[in-house]
Structures are given as structure tokens and as C-alpha cells.
Ligand code: NDP
């Protein structure tokens, strides 16, 4: 029987609707909408399209989203001073700097400069530390990296909230953006977690022992059907553009989807799986940041 397809688009729409309701309540209560500022440096067309989607979705959810476009030639100092001003601006609850930054910029210094309470990407070392030291339940004001949070959310909707406990989860990829925070979240959900990377020995064999397989590699269709344990749940984070025969291109994940659906119990498609939930989580984080800021300042 073919695997269940995990519908990330539908789940993201549900998450955005919940954010919209809470954002409206926040705005009524505080006379100010939750505010998100997205900074992009340079003119990479794919990144620009992606940040425009983020601000459009924010507006649809009742979040005041503003796109700040800086030229490729901007310096780290210029970007840091922009961030400082946003840190001090009470109408800005969330700040996101679209990565990757141009090579001449100090990305680490930039991420460290964002007020941890406004760090809606969850990449500030303080938020990373809080995530890794959290137990089974995450603090309600914690800003968690959006992609792994989205993956966990899809796993919970697929397996039920208690369905992850005791599962062997294999995460392929150890980036700070996806792999490592994913591993922390799965540990918090009582999975037994193995993190694999480019130096892992016999990756197919390791994957065949996974009840939950998360692929965050960036290599088109690398995970084959015979790497997957029958009945496993597969979360495909990868987004890879590959050429089609007719001179065009299409997006594929890190998992060979047509093979995997014959073996897995459930799988996310690419596109339409993890991606939409990632954007919904960004809106959710902005709301969390806004709510936490009013608690800090003691506003009603
Ligand atoms: P990185 O390039 O930062 O990390 C890739 C990881 O994959 C590394 O840990 C690397 O290992 C590992 N890897 C590479 N080749 C192999 C291999 N042959 N065998 C085993 N492991 C390997 O990528 P990201 O984590 O940023 O992103 C991963 C993918 O997810 C990309 O396709 C990206 O586009 C996508 N993505 C999707 C998002 C979404 O919203 N859906 C959001 C973010 C990313 P090592 O550390 O040893 O180099």
C-alpha cells in the first residue's frame, strides 16, 4: 500500500489560521499588531521571492510585516546598526535576517546582535542553549528554529503526540539550522536519536533502522527506497532544483519520493511538505515574541 502523504500545505493553513486569531486578539488588546521585520541583503532572486512570501503570509495573518532590502555592497557594520535600531523599536517584535548573507559579511556577529527576544529564527546562541537545555516541554516563550519545529509538528500530527516516544529517529544532516535543533527537539519528544552526516559509515544500513527518518542533506533524491524501514515516517527537508529533459527544472527533495512511498507509512512531499509549515512557524514565533514582550514590559 502506498504511504500516506503528509499534507504540509493544509497543516500550514491551520497553523496560520490559529496565528491570525491570536494576532487579532493581540492587536485589539495592545492597539498594535505583532511586527515582523525581514532583512535581506543582496539581490538573489530566489531569496527575494522567499522573503516576499514570508511578508505576504505575515500580512494575511494580521502581522505587520516589513521587508528591508539592503544592497549587496552593505557592510556588516551597516547591518548591525540597522539591527540595533530594530532591537530598540517597540513596534518590532520579530527580526529575521535572511541567510545566507554575502560572503564578505560576518554572519555570526549579525545573528548574535539580534535581541534574543526578537530572534524569530531561533539562531541566537541564547535561544540555541535554551533549546538544548530544555526538557520534555519547551518554555512557552522559547523561539525555536522554524524548519525543525515544523518537522516536529508534522510528526506529531502524523503519529499523535505520544507516538514519538521510544522511536528511533535518524536525522541526516547536522547543520545549526536544521539537523542539530531537530535532534534536540526529537530528544525532547523521547525519541532515541542518531545524527548522521557526510562522514557517517554505512548510512543506508543506519537509515534502515529508523522508525523516523529526517533527511536534511541538500542532495537530490539521495535517500533511496531500500534505505527506508517498512512502516517508517519520512520527513524530507531537502529542496533541490533539478533539470528536466525539456530544458526546464523542478524541485525534488533529498528522498527518492516514488520509491519511498512504496515502503514508508507516511512521507512529506517536496514541494508542499516541510516548506509551508516552516513559514507558518515564523509567524507563530513572531506572535510568541510579541506576547512575551508585553509580559516583559508589563503592558495589559
Ligand atoms: P547544510 O548544507 O548546512 O547541511 C547539510 C548536512 O548534510 C551536513 O551536515 C552534511 O554533513 C550532510 N551531508 C551532506 N552530504 C552528505 C552525504 N553524502 N551523506 C550524509 N550526510 C551528508 O544544509 P541545511 O541543513 O541548511 O539544509 C539541508 C537541506 O534542507 C537543503 O536542501 C536546504 O535547501 C533544505 N532546507 C529546507 C528548508 C525548508 O523550509 N523546507 C529550510 C532549510 C533548509 P557534514 O556536516 O559532514 O558536511
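I need the Kirkwood Rh of the chain: take the reciprocal of the average 1/r across all distinct C-alpha pairs and report it in angstrom. The Cα-based Kirkwood calculation yields 19.9 Å.
Arrange 212, 177 by Cβ neighbour counts within 10 Å, fewest through most, would you? Could the numbers behind the result be given before it?
Details: 212 25, 177 18.
If I rank by nearby Cβ atoms, fewest first, I get 177, 212.
Which shape class applies to region 141-183: rounded if a/c is under 1.5, otherwise prolate when a/b exceeds b/c and oblate if not, where a ≥ b ≥ c are the square roots of the Cα gyration tensor eigenvalues? In terms of gyration-tensor shape, oblate.
Order 272-284, 140-152, 87-99 from most to least packed using the mean count of other Cβ atoms within 10 Å. Write down the numbers at each step before the final one.
Working: 272-284: 25.1, 140-152: 23.5, 87-99: 19.4.
Top of the packing list down: 272-284, 140-152, 87-99.
The order of 293, 249, going from fewest to most other C-beta atoms within 10 Å of their C-beta, is 249, 293. Between rounded, prolate and oblate, where does region 38-193 land on the alpha carbon gyration tensor, with a ≥ b ≥ c its root eigenvalues, rounded for a/c under 1.5, else prolate if a/b exceeds b/c? Prolate, since a/c reaches 1.5 and a/b exceeds b/c.
Rounded, prolate or oblate: which one fits region 245-286, using the alpha carbon gyration tensor with axes a ≥ b ≥ c (rounded when a/c is under 1.5, else prolate when a/b beats b/c, else oblate)? Don't skip to the answer; put the middle values down first.
On the way: a/c = 4.66, a/b = 1.40, b/c = 3.32.
Oblate is the answer for region 245-286, as a/c is 1.5 or above yet b/c matches or exceeds a/b.
Projected onto their three principal axes, the Cα atoms of region 1-63 cover extents of 53, 34, 11 Å, largest first. Between helix 274-297 and the chain there is an angle of about 40 degrees, using the helix long axis and the longest principal axis of the Cα atoms.
Full extension of the segment from residue 109 to residue 5, taken as 0.36 nm per residue of separation minus the current Cα-Cα distance, would add 33.4 nm. For the pair residue 140 and residue 47, the difference between a 0.36 nm per residue extended length and the Cα-Cα distance amounts to 30.5 nm.
In the chain, the longest principal axis of the Cα atoms and the axis of helix 45-60 are about 70 degrees apart. List residues of region 272-293, by number, whose backbone nitrogen lies under 15 Å from a label position 7 Å along Cα→C-beta of residue 60. Residues passing the 15 Å test: 272-273, 275-284. Each of 153, 104 was scored by other Cβ atoms within 10 Å of its Cβ. Arranged with the fewest first, they read 104, 153. Label separation (residue 241 vs residue 297): 4.1 nm, computed from points 7 Å beyond Cα along the C-beta direction.
Relative to one another, the C-alpha centroids of region 225-300 and region 111-128 are positioned 22 Å apart.
Every number in this text was worked out from the coordinates using simple rules, so none of it is lab data. These figures come from a predicted structure and were not determined experimentally. Cβ coordinates were reconstructed from backbone atoms using ideal geometry, including for glycine residues, and neighbour counts include every protein chain displayed.
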